[in-house]
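To start, the structure under review is shown below, and the notes come after it.
Read-outs: derived from the displayed coordinates by stated rules, not from any lab. Note that this is a predicted model, so its numbers are computed, not measured. All Cβ positions, glycine included, derive from the backbone under ideal geometry; neighbour counts span all protein chains shown.
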Amino acid sequence: MKKQIINAETAPKAIGPYSHGNAFGDLIFTSGQLPVDGETGQVVEGGISAQSQKSLENLVSVLEAGGGNTETVLKTTCYLSDINDFAAFNAVYADFFGSDCPARSCFAVKDLPLGVLVEIEAIAHKA
């Protein structure tokens, strides 16, 4: 069995030497998704709520390109640039996943690429 490299056409281009994700067997591993508009290449404005929504939308683009979707997400890892954004992030995240939220780790880090407020990665299985 060989890994499959995932490149989602609708997700923003990678800003470094990595792919959007990899699939191996029925599992999908995404790279961290930033709140960047895939068409403009610009970080979305509007604070933590808007950035969280865009990161999650970009995550779905990668999942779908790999054969998954929000219902197949097993675990996410979420990085915040400020732990004070935790409640606002949770509100967007809960709306996005509904009552079937995956396992998750979420913590604050010193800095994120491009000065963004949030980055989200996931492990999922193919639908």
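Read through the list (1) in contact with a strand residue (DSSP E or B) (Cβ under 6 Å, 6 or more places away or on another chain); (2) crowded, with 21+ Cβ neighbours inside 10 Å, then give the number of the only condition that Phe29 fails.
Unmet for Phe29, out of (1) in contact with a strand residue (DSSP E or B) (Cβ under 6 Å, 6 or more places away or on another chain); (2) crowded, with 21+ Cβ neighbours inside 10 Å: (2).
I'd like to know if region 74-90 contains one or more residues that are over 19 Å from Ala127 (Cα atoms) and in contact with a Pro (Cβ under 8 Å, 6 or more places away or on another chain). Show your work before the answer.
Step one: of region 74-90, the residues over 19 Å from Ala127 (Cα atoms) are 77-90.
Subset that is in contact with a Pro (Cβ under 8 Å, 6 or more places away or on another chain): none.
Scanning region 74-90, I find no residue that is over 19 Å from Ala127 (Cα atoms) and in contact with a Pro (Cβ under 8 Å, 6 or more places away or on another chain), so the answer is no.
Between Ala65, Ala14, Ala50, which is in contact with a Ser or Thr (Cβ under 9 Å, 6 or more places away or on another chain) and either hydroxyl-bearing (Ser, Thr, Tyr) or closer than 15 Å to Val116 by Cα (or both)? Give the derivation first.
On the way: Ala65 fails: either hydroxyl-bearing (Ser, Thr, Tyr) or closer than 15 Å to Val116 by Cα (or both); Ala50 fails: in contact with a Ser or Thr (Cβ under 9 Å, 6 or more places away or on another chain).
Selected residue: Ala14, the only one of Ala65, Ala14, Ala50 that is in contact with a Ser or Thr (Cβ under 9 Å, 6 or more places away or on another chain) and either hydroxyl-bearing (Ser, Thr, Tyr) or closer than 15 Å to Val116 by Cα (or both).
Can you name every residue in region 23-34 that is in contact (Cβ under 8 Å) with a residue 24 or more places away in the chain and out of contact with any Leu (no Cβ under 7 Å at 6 or more places or on another chain)? Spell out how you get there, then give the answer.
Initially, region 23-34 is screened for residues in contact (Cβ under 8 Å) with a residue 24 or more places away in the chain, giving 23, 25-34.
Within region 23-34, Ala23, Gly25, Asp26, Leu27, Phe29, Ser31, Gly32 meet the criteria.
May I ask you to list the residues in region 70-111 that are of a type in the set (D, E, K, R) and touching a residue at least 40 places away in the same chain (Cβ under 8 Å)? I'd like the intermediate steps shown before the answer.
Residues of region 70-111 of a type in the set (D, E, K, R): 71, 75, 82, 85, 95, 100, 104, 110-111.
Glu71, Lys75, listed by residue number.
Within region 1-15, track down each residue that is under 16 Å from the mean Cα position of the chain (by Cα) and outside any strand (DSSP E or B).
Step one: list which residues in region 1-15 are under 16 Å from the mean Cα position of the chain (by Cα), which gives 6-15.
Within region 1-15, Asn7, Ala8, Glu9, Thr10, Ala11, Pro12, Lys13, Ala14, Ile15 meet the criteria.
Residues that are among the charged types (D, E, K, R), surrounded by fewer than 21 Cβ atoms within 10 Å (Cβ to Cβ) and touching a helix residue (DSSP H, G or I) at 6+ places or on another chain (Cβ under 6 Å): which strands (runs of 3 or more DSSP E) entirely in region 37-127 hold 3 or more of them? Explain how you work it out, then say what you get.
Details: elements: 73-80, 103-108, 118-125.
By residue number, no strands (runs of 3 or more DSSP E) qualify.
Keeping to region 25-36, report how many residues are β-branched (Val, Ile, Thr) and outside any strand (DSSP E or B). First the steps, then the outcome.
Here is the first cut: in region 25-36, the residues β-branched (Val, Ile, Thr) are 28, 30, 36.
With outside any strand (DSSP E or B) added as a condition, the list becomes none.
Residues meeting the conditions: 0.
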